[in-house]
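Engineer: There's a structure below that I have some questions on.
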Amino acid sequence: MSFKDKLIENKVPKHVAIIMDGNGRWAAQFGNERTFGHEHGVEAVRSVVEGAGEIGVKYLTLYAFSTENWARPKDEVDALMGLLVQAISDETDELQKSNVRLQVIGDVKSLPQHVQEKLSWSIDRLKTCTGLTLVLALSYSSKWEILEAVKRIAEQVKLGKLEPSDIDTDLMDCFLNTSEMPDPELLIRTSGECRISNFLLWQIAYSELYFTPKLWPDFRKEDLFEAICDFQNRERRFGKTSQQLIS
Ligand code: IPE
Ligand code: IPE
Ligand code: MG
């Protein structure tokens, strides 16, 4: 029985977030450059987007490039940006056929102009799609996102449009890049690293975390289904006792 067959339909998470890690190590196994791993990472993205759509996930957020990743060698950063533009050009038609909408979170303005233009083009093409929303985290870091939100809230307070007492969890949610989506119920990280690396710190306050040793270019939809099966077998207590959940 495949993991897909084991899934409980009405317990599929609405939002799954993935830290796609391990491309460099995957390439090194074959004595290749890190970029070779990034190229093969695109196949994993294709499979996971397809799988998420098949089982009715509403939001799939992929951590594709962090604020910290700007510190990588220029050649690697350029290759990643080139690959992103290429993948968007190649995949937008297919995404449209699959009814997938595209969204970006992160400091988009810090991306090269041609990357911003390609993203806007694709987002616009896919804006009427109503199936899965694919969210790419690009030039993203959670501390950046939270600081931006705090600055904008402070501005509103200064202008007298908000009172400090208005600031609560719901308001904070509204000022984040993720304002229109539910928090991820499940966060997956590949490559065996057990850290969050500045990803969605606010939004994963109560997410279930799933770490797999698989390197990102080897990850496929069946691995996503396995992670979701694992998630479905967990008891999410939100501070309550098990007893309270039964009664
Ligand atoms: C993830 O793979 C891709 C990005 C962070 C852009 P890595 O490039 O981090 O690969 P490893 O972790 O060095 O193997
Ligand atoms: C996290 O991976 C960022 C992305 C997957 C885009 P990294 O490989 O950059 O993370 P660290 O630096 O090892 O924690
Ligand atoms: Mg890494």
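The values are calculated or read from the model by the stated rules, or taken from the named source; none is laboratory data. For clarity, every value in this text was computed on a predicted model and none was experimentally measured. As a convention, Cβ positions derive from the backbone with ideal geometry for all residues, glycine included, and neighbour counts pool all protein chains shown. For accessibility, only protein heavy atoms count, side chains too; no ligands or nucleic acids. Shrake-Rupley method; radii C 1.70, N 1.55, O 1.52, S 1.80 Å.
Engineer: I need the peptides 63-75, 215-227 ranked by packing, meaning the mean over residues of other C-beta atoms within 10 angstrom, with the highest value on top.
Structural biologist: 215-227, 63-75
Engineer: Which entries of K4/K97; K118/K143; K14/K214; K11/K109; K14/K118; K6/K143 have Cα-Cα distances beyond 31 Å here? Please list the in-between numbers first.
Structural biologist: Working: K4/K97 22 Å; K118/K143 26 Å; K14/K214 23 Å; K11/K109 37 Å; K14/K118 27 Å; K6/K143 37 Å.
Cα-Cα > 31 Å for K11/K109; K6/K143; rest within.
Engineer: Just going by the charge dipole of the chain, with Lys and Arg at +1 and Asp and Glu at -1 on Cβ, which of P213, V49, M172 is farthest out on the positive end?
Structural biologist: Farthest towards the positive end: M172.
Engineer: Place a +1 charge on the Cβ of each Lys and Arg in the stretch 66-126 and a -1 charge on the Cβ of each Asp and Glu, then give the dipole magnitude about the Cα centre in debye, rounded to the nearest 20.
Structural biologist: Its charge dipole is roughly 180 debye.
Engineer: Under a Cβ-Cβ cut-off of 13 Å, what is the net charge of the residues other than R220 that fall near it, where Lys and Arg count +1 and Asp and Glu count -1?
Structural biologist: Net charge in that neighbourhood comes out at -3.
Engineer: Given a 1.4 angstrom probe, what's the average accessible area per residue across the stretch 73-215, in square angstrom?
Structural biologist: Result: 52 Å² per residue.
Engineer: Same structure, new question: Between E94 and Q243, what is the label-point separation in nm under the 7 Å Cα-to-beta-carbon projection?
Structural biologist: About 5.3 nm separates the two model spin labels.
Engineer: How many nm is it between the label spots at I123 and E68, if each spot is 7 Å from the Cα in line with the beta carbon?
Structural biologist: Going by the 7 Å Cα→Cβ label model, 2.6 nm.
Engineer: Quote the charge dipole size of the stretch 1-141 about the Cα centre in Debye, to the nearest 20; the model charges only the Cβ of Lys and Arg (+1) and of Asp and Glu (-1). Could the numbers behind the result be given before it?
Structural biologist: Values: 16 positive and 19 negative charges, 103 e Å.
With Lys and Arg at +1 and Asp and Glu at -1, about 500 debye.
Engineer: For the stretch 1-32, which chymotrypsin sites (Phe, Trp or Tyr not before Pro) pass both filters: DSSP loop (anything but H, G, I, E, B) and at most 15 other C-beta atoms within 10 Å?
Structural biologist: Qualifying residues, ordered by number: F30.
Engineer: Report the relative contact order of the chain, percent, no decimals, based on alpha-carbon pairs under 8 angstrom and at least 6 residues apart.
Structural biologist: Dividing the mean separation by the residue count of the chain yields 31 percent.
Engineer: Among 118-128, 38-48, how do they line up by average Cβ neighbours within 10 Å per residue, starting with the highest?
Structural biologist: Descending mean neighbour count gives 38-48, 118-128.
Engineer: Once neighbouring chains are kept in place and the probe is 1.4 Å, which whole percent of the accessible area of the stretch 9-118 is contributed by carbon and sulfur? Provide the component values of the computation, followed by the final result.
Structural biologist: Values: 2700 of 5430 Å².
The value for the stretch 9-118 is 50 percent carbon and sulfur by accessible area.
Engineer: Calculate one ³J(HN,Hα) per residue across the stretch 209-218 by plugging θ = phi - 60° into the Karplus curve 6.51 cos²θ - 1.76 cosθ + 1.60, and present them in order as whole Hz with x for glycine and proline.
Structural biologist: 9, 9, 10, 10, x, 4, 7, 3, x, 8
Engineer: If all Cα-Cα distances of the chain are sorted into 5 Å bins from 0 onward, what percent lands in each bin, rounded to whole numbers?
Structural biologist: P(r) for the chain, in whole percents per bin: 1, 6, 12, 16, 19, 17, 13, 8, 5, 2, 1, 0.
Engineer: Would you mind working out the magnitude of the charge dipole of the chain relative to its Cα centre, with +1 at each Lys and Arg C-beta and -1 at each Asp and Glu C-beta, to the nearest 20 Debye?
Structural biologist: 340 debye
Engineer: How much of the accessible area of the stretch 150-247, probe 1.4 Å, is carbon plus sulfur, in whole percent?
Structural biologist: Here carbon and sulfur together make up 51 percent of the probe-accessible area.
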